[in-house]
Amino acid sequence: MASADAACGPARVRTILGITRSAGHPTYGRLERAEPWLRRAVPALLALFLLALAASAWLQARDGRADALRDATDDIDVLATLAAMHLQSPLGDRPAAAAQLAGLARSLPASAFARGRTLLLTDGSGAVLATYPASDSVPPTLTDLLGEAQPLTTYADRAGVMTIRVASREEAIATVRNLPGSAQIALVQPLHRALAGWRARSFGHVSLLAAATVALVAIGVVYILQASRARAADEVCERVRRRIDAALSRGRCGLLDWDIARGRIYWSDSLYELLGYERCDEFLSFGEVNDMVHPEDSDLYALAGRLASTSAASIDHDFRIRSASGEWVWLRARAELVGDPEDVGRHLVGIAVDITEQRRLVEQNATADARLREAIEAISEAFVLWDADNRLVLCNSKFQKLHHLSSDSIAPGLAYAEVMQSGRAPIVQHQLMRDERQDAGARTLEAQLGDGRWLQINERRTRDGGYVSVGTDITTLKRHEEKLLDSERQLIATIGDLKKSRQKLEAQAQQLADLAERYLDQKAQAESANRAKSEFLANMSHELRTPLNAILGFAEVMESGIFGALGSEKYVEYCRDIRSSGHYLLSVIDDILDMSRIEAGRLRLVRQPIVLYDAIVRALKLVNEQARAKGLAVRIESAPGLTVLADERGLQQILVNLLQNAVKFTPAGGRVTVRTRPAAGSVNIYVEDNGIGIPKEAIHKLGQPFEQVETESNRTYKGSGLGLAIARSLSELHGGGLRIRSQEGIGTIVLVHLPMEKPPMRGFHGAAASLH
């Protein structure tokens, strides 16, 4: 198999247990090969882009500041020139100067004195006569405002517009113009007010740069996380595949997936290993598999025809298939027809289990059983074997004739009382116990029948608690014994013959007992194999729950976006679908696990008094949401204080399964009623609905594992088909039962019968069931 794995590596990468992934697409393959380089290149490209964006923003901010300063300088120069031209007349006193500035301001645009621009008018001595806008915080002289060492105060018009630091240590843009009479006019604007617009634009640019940076960094982080998640998901899928293959190989079984439309069949690695073949391609053709199947066991062409005509939705078939060594291996295939939404086709998906050993055991058991029956039938004595529960295992025709039993009355498994009641026991005139010492668990007695015959009955306990009884006709021996009274010689000879015959009979009885023990041991081995099957299903269900819980957790984390947005609403929708499908699969696995525990006999009931009304209310809480969604009317009719002795969890599971079925199969606006009635030391629970009902021919199937009324082709309701089976099994474990009455289009009534007290333990009936 190692060579097969090495040769078919690319094919196995494209599939997980027969499900083709998108990795098979050529574009996906090229992207997967380029992914390591992309993981290194994308962050570098993002960093270079951010650096280029930051450099561009810095250059724009620098040029914008220079433009803003230039515009402010030009505006101040023009405004100062206009003001000087308007104020050529004598100034007068302070009020007149203030009036002149006010008139000047009115003749200029409203935006001329915006952003902190101040116009100052001084006399010939440099004292400030007036300002516009008026302010009380202006220094008394222009020199106090501009400073003593400023060229503006000395050169005025010739200094132009300058950026200076005023007396308050604040930077400002200022200019001075000379007026007639040594007067001057000055226009001053704080630098920070002149750059206010530039700062606002720069802040917007910086905000856009920061937002773009955050967005690009987030995109880079999301890309890295998504790539890591994809790589982790591939690793998880590969680990799951290896674990499932290991489990299947350990259990000597394998998965199969038959794509009916394409005529190709997928086998898991464990199935290849089981048959000794080497994988040379991911899929097998229809003809290849059909050639390997034994012609007497199955015909895939006929099976494909039945599946194509939708006359069969599932298969459970035993067949032989040729292994690589040329030997025939018995497989049991259990598969179900499912739809594939990806390619709108149908697949037959299931599991194939190696039952070669079981077949051999069955054949050996059948051969041993036939030999034992032939041996028992060949002996001249009446032989019967009972098990530890006083139930018939087997008997011969001599025993049947002795008790006048019909063929139906000697069916294996019937109780001793039933067998004896259906027959006619012989009339015993005398019954003598043997005096010689008997082994523990064994006894021998002689009985004379009404017709004069004598029987010697040897009974012996078997190791499993049953017993074997052999009745020998000793009429001839008794007659010889009478004749021996006539002669001492004849008496001694007859006694010797009797001893030899008795020893022979005891040896035969011992041989028959050994044969019976061997038969029971082989029967126990077959039952053990069946229990091993149930335990394997339980272990498989438990192993599937662990990765399924991880899948549900990851889907919920991805849907909630804890580590960041997935980038598309479709991904959230897919995560929601994964979580919903996972919960449904988890419920199916739980049902399989519960059913396996019940079949394996690992379920233990803890009985306690339970108020039936409270148990029904708790069960209804679990289906109330579904009932409200369909507008169903749910009603409880139960006598208060009515109790039942039951396992709380088991009773809850019975009620929830029945209520879920009633709500599921009842159309919108219908009703569901739960009634309880005491019945002679027991309680009857009725779950009634007016739903779609069940056809008469399908009622007998319900309650069996995986049985449903609908077939896969016309199936409209989801479910595993284990709800009623679990409810029936739990009811029987409580010592009760479950019955169904239904009529199509009218509704269904399910009756659960539970004892109010603990039922008595079933055991051995005491007195041995002998031939008489």
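The values are calculated or read from the model by the stated rules, or taken from the named source; none is laboratory data. Since the model is a prediction, treat every value here as computed from it, not as a measurement. Methodologically, a virtual Cβ is constructed for each residue, glycine included, from the backbone with ideal geometry; neighbour enumeration extends over all protein chains shown. For the accessible areas, the whole protein counts, side chains as well, though only heavy atoms, and no ligand, DNA or RNA atoms are used. Shrake-Rupley method; radii C 1.70, N 1.55, O 1.52, S 1.80 Å.
Kindly indicate whether K483 is among the basic types (K, R), more than 25 Å from Q525 (Cβ to Cβ), modelled with pLDDT of 75 or more and surrounded by 13 or more Cβ atoms within 10 Å (Cβ to Cβ).
no
Here is a yes/no grid of residues against (1) out of contact with any helix residue (DSSP H, G or I) (no Cβ under 6 Å at 6 or more places or on another chain); (2) open to solvent by 40 Å² or more (accessible area, probe 1.4 Å); (3) within 30 Å of W454 (Cβ to Cβ); (4) at pLDDT 75 or above:
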position	(1), (2), (3), (4)
S487	yes, no, yes, no
G496	yes, no, yes, yes
K499	yes, yes, yes, yes
L515	no, yes, yes, yes
L586	no, no, no, no
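Pairs under 6 Å by beta carbon, first residue touching a residue at least 24 places away in the same chain (Cβ under 8 Å) and under 24 Å from L152 (Cβ atoms) in the stretch 175-204, partner open to solvent by 30 Å² or more (accessible area, probe 1.4 Å) and hydrophobic (A, V, I, L, M, F, W, C), six or more apart or different chains?
If the second residue must be open to solvent by 30 Å² or more (accessible area, probe 1.4 Å) and hydrophobic (A, V, I, L, M, F, W, C), the pairs left are T175/V161.
If you scan the stretch 315-329, which residues turn out to be more than 25 Å from H347 (Cα to Cα) and open to solvent by less than 50 Å² (accessible area, probe 1.4 Å)?
Let us first name the residues in the stretch 315-329 that are more than 25 Å from H347 (Cα to Cα), namely 324-328.
If the condition is that a residue be more than 25 Å from H347 (Cα to Cα) and open to solvent by less than 50 Å² (accessible area, probe 1.4 Å), then G326 is the only one that fits.
If the requirement is being at pLDDT below 85, open to solvent by 70 Å² or more (accessible area, probe 1.4 Å) and out of contact with any Lys or Arg (no Cβ under 6 Å at 6 or more places or on another chain), which of these qualifies: R602, R635, R628?
Going through R602, R635, R628 in turn, just one is at pLDDT below 85, open to solvent by 70 Å² or more (accessible area, probe 1.4 Å) and out of contact with any Lys or Arg (no Cβ under 6 Å at 6 or more places or on another chain): R602.
Counting just the residues of the stretch 342-352 that are closer than 20 Å to L255 by Cβ and either exposed (fewer than 15 other Cβ atoms within 10 Å of the Cβ) or over 23 Å from the mean Cα position of the chain (by Cα) (or both), which one comes out modelled with the highest pLDDT?
Among those residues, the one meeting the criterion is G345.
Out of the stretch 250-290, which residues are farther than 14 Å from V329 by Cα and acidic (D, E)?
Correct list: D257, D259, D269, E278, D281, E282, E288.
Considering every residue within the stretch 464-477, establish whether at least one is at pLDDT 75 or above, open to solvent by less than 60 Å² (accessible area, probe 1.4 Å) and under 49 Å from the mean Cα position of the chain (by Cα).
Yes, because at least one residue in the stretch 464-477 is at pLDDT 75 or above, open to solvent by less than 60 Å² (accessible area, probe 1.4 Å) and under 49 Å from the mean Cα position of the chain (by Cα).
Answer yes if at least one residue in the stretch 10-24 is under 60 Å from the mean Cα position of the chain (by Cα), of a type in the set (A, V, I, L, M) and at pLDDT 80 or above, and no otherwise.
No, the stretch 10-24 contains no residue that is under 60 Å from the mean Cα position of the chain (by Cα), of a type in the set (A, V, I, L, M) and at pLDDT 80 or above.
Being assigned to a helix (DSSP H, G or I) and at pLDDT below 70 is the requirement here; does A66 meet it? Give the steps one after another, and end with the answer.
Details: assigned to a helix (DSSP H, G or I): yes; at pLDDT below 70: no.
When the stated conditions are applied, A66 does not pass them.
Matching residues to (1) among the small types (G, A, S); (2) at pLDDT below 80; (3) closer than 30 Å to S528 by Cα; (4) loosely packed, with under 12 Cβ neighbours inside 10 Å:
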| residue | (1), (2), (3), (4) |
| --- | --- |
| Q364 | no, no, yes, no |
| K398 | no, no, no, no |
| A440 | yes, yes, yes, yes |
| A447 | yes, yes, no, no |
| D451 | no, yes, no, yes |
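Which of the residues spanning the stretch 268-285 are surrounded by 17 or more Cβ atoms within 10 Å (Cβ to Cβ), in contact (Cβ under 8 Å) with a residue 24 or more places away in the chain and of a type outside the set (S, T, Y)?
Across the stretch 268-285, the qualifying residues are D269, L271, E273, L274, L275, R279, E282, F283.
Go over the candidates I610, I616, I578 one by one and state the one that is at pLDDT 70 or above, touching a Leu at 6+ places or on another chain (Cβ under 9 Å), surrounded by 15 or more Cβ atoms within 10 Å (Cβ to Cβ) and not in a helix (DSSP H, G or I).
Within the list I610, I616, I578, the selection yields I610.
Can you name the condition, by its number, that L82 falls short on among (1) modelled with pLDDT of 80 or more; (2) under 20 Å from A183 (Cβ atoms); (3) loosely packed, with under 11 Cβ neighbours inside 10 Å?
(3)
Within the stretch 135-154, does at least one residue satisfy the condition of being at pLDDT 80 or above, touching a helix residue (DSSP H, G or I) at 6+ places or on another chain (Cβ under 6 Å) and hydrophobic (A, V, I, L, M, F, W, C)?
No, because not a single residue in the stretch 135-154 is at pLDDT 80 or above, touching a helix residue (DSSP H, G or I) at 6+ places or on another chain (Cβ under 6 Å) and hydrophobic (A, V, I, L, M, F, W, C).
When you look at L152, is it open to solvent by 30 Å² or more (accessible area, probe 1.4 Å) and either farther than 30 Å from L48 by Cβ or assigned to a helix (DSSP H, G or I) (or both), yes or no?
Details: open to solvent by 30 Å² or more (accessible area, probe 1.4 Å): no; either farther than 30 Å from L48 by Cβ or assigned to a helix (DSSP H, G or I) (or both): yes.
Criteria not met by L152.
Mind checking which pairs have a first residue in the stretch 380-392 that is aliphatic (A, V, I, L, M) and a second that is open to solvent by less than 10 Å² (accessible area, probe 1.4 Å) and assigned to a loop (DSSP other than H, G, I, E, B), Cβ under 6 Å, 6 or more apart or different chains?
If the second residue must be open to solvent by less than 10 Å² (accessible area, probe 1.4 Å) and assigned to a loop (DSSP other than H, G, I, E, B), the pairs left are A388/G466.
Restricting to the stretch 155-165, count the residues that are modelled with pLDDT under 75 and assigned to a loop (DSSP other than H, G, I, E, B).
At the first step, the residues of the stretch 155-165 found to be modelled with pLDDT under 75 are 155-159.
Going one step further and asking which of them are assigned to a loop (DSSP other than H, G, I, E, B), we end up with none.
Count: 0.
Would it be correct to say that A130 is assigned to a helix (DSSP H, G or I), surrounded by 20 or more Cβ atoms within 10 Å (Cβ to Cβ) and either modelled with pLDDT of 75 or more or touching a Lys or Arg at 6+ places or on another chain (Cβ under 7 Å) (or both)?
No, not satisfied.
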